[in-house]
Amino acid sequence: MAEWTPCAKPAETIELRPFLLPAVRDCPVAGKGLPLIVLSHGFRGTNLSHHDTAEAFADAGFVVVALNHPDDSALSKDKGPSLKALTNRPTDIKRVIDFMLGASPDAAKIDPQRIGFFGFSRGGYTGLVLAGAEPDFQQLRRRCADPTGADCKPIDPALVPTSTLTRDPRIKAFVIADPLSSAFPTRESVQVISAPLQLWSSEGGGDGVSPKDIARIAANLASPPEHHAVPGSGHFAFLTVCPAALAKSLPELCTDAPGFSRAKFHEELNSKALAFLKKHLPVQP
């Protein structure tokens, strides 16, 4: 788990390969009654996949925590996608919030009434479930090179989980970026959501995410979300800007369309997400 907090000391450069982070290790938390934001990464992501967004939130006075989902991160032993990961993800987030409000040494600094969420891809799915959405796992299709191929077929009904998924009403506002959208095909899937929601969608989609599906989610919500469609973007544009070594080893995650600046886009993403969270997690009188 990684945590960012407001800090009164000037940032140093910390190397956490492959990233260089502007931070101060173990800096005393500056302030009290601070809002908490929990970040949820996508398939095979890590707690550093959105570190620039976490830094922007912390610099603005938020406590930010990001985890490596045990069944679904780059560090997981099981490297394939699984329904187990999708059912466990919301519980992972609940446990992180429990810790941050309980056993964490920073618990006394956090306002338990001001909790928000940022999630990308499967992390976006996670946020929708926490907010009350009901996924239809039969609508998910296996990852496959050819979506029309014989191996790209519906999930085996025997693998569909029957347990109740975790919700968390302590989360008061959600920023959802390019969520795994095919799991929510109907109005009934998402209509129960009542918390404020900022929804982001890429133009190109990818990795099982469809812009049309996200537009359908936006239309099916009981209250219209603050929806931002990002021209020229692909699915992975929501990941932090890649350092050179990562861009070389994982070009599919790091390469954007010609003319699209991920760095410039993240200035907009972080600014608008921050404004949304400040609006819906106001300082309590």
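Residues in the range 250-267 that are without any contact (Cβ under 8 Å) to a residue 24 or more places away in the chain and exposed (fewer than 12 other Cβ atoms within 10 Å of the Cβ): Pro251, Glu252, Pro258, Ala263, Lys264. One residue stands out in the range 188-203 among those that are crowded, with 19+ Cβ neighbours inside 10 Å and not hydroxyl-bearing (Ser, Thr, Tyr): the one that is nearest to His280 (Cα to Cα), namely Pro196. Taking the range 171-215 as the range and being under 14 Å from His227 (Cα atoms) and outside any strand (DSSP E or B) as the test, the residues that pass are Asp178, Pro179, Pro196, Glu203, Pro211, Lys212, Asp213, Ile214, Ala215. Of all residues in the range 211-241, those satisfying the criterion of being out of contact with any His (no Cβ under 9 Å at 6 or more places or on another chain), buried (at least 18 other Cβ atoms within 10 Å of the Cβ) and in contact (Cβ under 8 Å) with a residue 24 or more places away in the chain are Asp213, Arg216, Ile217, Leu221, Pro225, Val230, Ser233, Gly234, His235, Phe236.
Pairing each residue of the range 112-126 that is more than 16 Å from Asn88 (Cβ to Cβ) and surrounded by fewer than 22 Cβ atoms within 10 Å (Cβ to Cβ) with any residue that is modelled with pLDDT under 95 and among the polar types (S, T, N, Q), provided the two are 6+ apart or on different chains, yields C-beta distances under 8 Å for Gln113/Gln284.
Selection within the range 156-170: residues that are assigned to a loop (DSSP other than H, G, I, E, B) and hydrophobic (A, V, I, L, M, F, W, C). The member of this set that is modelled with the lowest pLDDT is Val160.
Counting only residues that are in a loop (DSSP other than H, G, I, E, B) and modelled with pLDDT under 60, the range 137-155 holds 13 of them.
Residue count for the range 243-262, restricted to those that are under 21 Å from the mean Cα position of the chain (by Cα), over 20 Å from Trp200 (Cα atoms), assigned to a loop (DSSP other than H, G, I, E, B) and not aliphatic (A, V, I, L, M): 1.
Every residue, every condition in (1) in contact with a Gly (Cβ under 7 Å, 6 or more places away or on another chain); (2) in a strand (DSSP E or B), yes or no:
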position: Cys7; (1), (2): no, no
position: Thr13; (1), (2): no, yes
position: Leu21; (1), (2): no, yes
position: Cys27; (1), (2): no, no
position: Gly31; (1), (2): yes, no
position: Pro35; (1), (2): yes, yes
position: Val38; (1), (2): no, yes
position: Phe43; (1), (2): no, no
position: Asn47; (1), (2): no, no
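Of the residues making up the range 219-231, one or more are over 28 Å from Ala60 (Cα atoms), of a type in the set (A, V, I, L, M), at pLDDT 95 or above and in a helix (DSSP H, G or I).
The values are calculated or read from the model by the stated rules, or taken from the named source; none is laboratory data. Everything quoted here is computed from the prediction, not taken from an experiment. Virtual Cβ from ideal backbone geometry, glycine too; neighbours counted across all protein chains shown.
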